[in-house]
Amino acid sequence: MNSRSPAGAYADHLATVMRRADVALERGGYDHLLIASGIEKMRFLDDTPYPFKASPPFKAWLPLTRHAHCWIAYTPDRKPVLAYYQPDDYWHVPPAAPAGAWVEHFDIRVLADPAEAIDHMPASGRAAIIAERDAALPGFEPNNPRVVLDYLHYHRAYKTPYELGLMRRAQRKGARGHVAARQAFIGGGSEAQINALYLAAAGHSDSDVPYGNIVALNENGATLHYQYKAMARPAEHRSLLIDAGAEVDGYACDITRTWGNGDADFSALVAAVEHEQQGLCSMVRAGVDYRDLHLACHRRLAGVLRELGIVDMDAASMVETGVTSTFFPHGLGHPIGLQVHDVAGFSDEQGGLIPRPEGHPYLRMTRTLEPGMVVTIEPGLYFIPTLLSKLWGGPHADAVDWAKVEHLAKFGGVRIEDEVHCTDDDPENLTRDAFAELA
Ligand code: GLY
Ligand code: MN
Ligand code: MN
């Protein structure tokens, strides 16, 4: 736990970010690091912008997540410059005057026009320019040097105490939303109504959540990233699978809960997945290869399929033959932070690839866990028609209790997802702690 004041924690965080930048620049032979927040993007042939989000490398430095046309210009051993776009605008609410613990750490130059940013860029030297092409300033084409980005991305896996504080706060927002969503499910709401109550309780609008909420009633839970929110209430409320997040100052949470309606078979399935999920969370320890956790998850879920009489095969051959992948076709989880699926889940410090285990194409994390990392642990078991039809037509069809599968398919599937912080000691389950605080 961080015992520093929030302002002190931010100062320490920025010092860490600058140290990382120093090394990254040295590795690439650059004198300056220039990072754009990005520009608003318009829909094609339209004057309506997509919701703007500042670029992750930009918001790693300071909590400006909705500010377009800003730049950080950093030169080692100098106070970083922030070109801060603050137009005189009456169509939209312009950004407020800079405020917060970060302000004193930047040399802030206010811009009335985005083009003025160029006046605050370094006059000479080689610059690593981290930006999308459309943010380019004349003479400052983004080059996004691989060696610089690889280093910065790799180190973003190690959260500072400041970042962990924000992530804990994001969890509390998400937990409040999930409690409200469950009530809305019990009350017979539609997916759209459940989503609305989630957002109100989490303190978010639909456009500022870190990813599109997945709010799936009944069979819809079998679509892993189900993207609709049906307006109509279904005739029956058998199950709710809700995968919904929240964010604080650019740091995300990503929480999934699954609720049933009292059906004994589905309740047993939810309880069994949750039991294994908690077991896996307790294995988030320094020195553990995340790939081994993923494979352990397959073995545990094979045990569930067997114990509940869904598949009659021994656990090892169920994993070996890929039968578990019919029911669990995604990875155990991923790093999380400034992005829900955070960067560098597969990279070593030099940017080299740490491969996924063969036959597991969707795993998003292959690194060995170390203190400071935060990962999701999100096992699931689903009844996905397109995958089940392949199992039905394959050599292991006879091992499956299809009547049971048909019954459970009406509930879609189960996923339980928490964020876990790897420490020097026991893991910290950020999500469970947040729910416990609400209880
Ligand atoms: N919400 C997407 C995921 O769990 O990875
Ligand atoms: Mn996730
Ligand atoms: Mn999720």
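Matching residues to (1) more than 32 Å from the chain's Cα centre (by Cα); (2) surrounded by fewer than 23 Cβ atoms within 10 Å (Cβ to Cβ):
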site	(1), (2)
GLY393	yes, yes
ALA399	yes, yes
ALA409	no, yes
GLY412	no, no
ARG415	no, no
ASP418	no, no
**Fill in**
Of ARG238, ARG257, ARG233, the only residue that is within 16 Å of ligand 2 (Cβ to nearest atom), out of contact with any Pro (no Cβ under 8 Å at 6 or more places or on another chain) and basic (Lys, Arg) is ARG257
**Prompt:** Of these, THR366, THR423, THR431, which one is under 20 Å from LEU280 (Cα atoms), among the polar types (S, T, N, Q) and in a helix (DSSP H, G or I)?
**Reply:** THR431
**Asked** Which condition does MET313 not pass, out of (1) open to solvent by 10 Å² or more (accessible area, probe 1.4 Å); (2) within 16 Å of ligand 1 (Cβ to nearest atom); (3) in contact with a His (Cβ under 9 Å, 6 or more places away or on another chain), if it passes all the others?
**Response** (2)
**Asked** Which residues, counting only those in the stretch 157-180, are surrounded by 21 or more Cβ atoms within 10 Å (Cβ to Cβ) and either assigned to a loop (DSSP other than H, G, I, E, B) or of a type in the set (S, T, N, Q) (or both)?
**Response** ALA157, LYS159, GLN171
**Message:** Can you say whether LEU387 is closer than 26 Å to ILE214 by Cβ, more than 16 Å from ligand 1 (Cβ to nearest atom) and in contact with a helix residue (DSSP H, G or I) (Cβ under 9 Å, 6 or more places away or on another chain), as far as the supplied structure shows?
**Reply:** yes
**Prompt:** Which of the residues spanning the stretch 276-330 are more than 30 Å from the chain's Cα centre (by Cα) and among the small types (Gly, Ala, Ser)?
**Reply:** GLY309, ALA315, ALA316, SER317
**Message:** I need every pair where a residue in the stretch 235-262 that is touching a residue at least 60 places away in the same chain (Cβ under 8 Å) has its Cβ under 6 Å from the Cβ of a residue that is assigned to a strand (DSSP E or B) and more than 16 Å from ligand 2 (Cβ to nearest atom), sequence separation at least 6 or different chains.
**Reply:** TRP259/LEU240
**Asked** Could you list, in sequence order, the residues of the stretch 80-102 that are surrounded by 13 or more Cβ atoms within 10 Å (Cβ to Cβ) and within 23 Å of LEU166 (Cβ to Cβ)?
**Response** PRO80, LEU82, TYR84, PRO95, PRO98, GLY100, ALA101, TRP102
**Request:** Identify all residues within the stretch 227-252 that are within 15 Å of ligand 1 (Cβ to nearest atom), buried (at least 22 other Cβ atoms within 10 Å of the Cβ) and part of a loop (DSSP other than H, G, I, E, B); write none if there are none.
**Result:** none
**Prompt:** Where residues in the stretch 3-30 are open to solvent by less than 70 Å² (accessible area, probe 1.4 Å), touching a residue at least 40 places away in the same chain (Cβ under 8 Å) and part of a loop (DSSP other than H, G, I, E, B), which of them is nearest to TYR211 (Cα to Cα)?
**Reply:** TYR30
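The values are calculated or read from the model by the stated rules, or taken from the named source; none is laboratory data. Because the structure is predicted, anything quoted here is derived from the model rather than measured. Here the Cβ is made from the backbone with ideal geometry for all residues, glycine too, and neighbour counts use every protein chain on show. All accessible areas refer to the heavy atoms of the entire protein, side chains included, with ligands and DNA or RNA removed. Shrake-Rupley method; radii C 1.70, N 1.55, O 1.52, S 1.80 Å.
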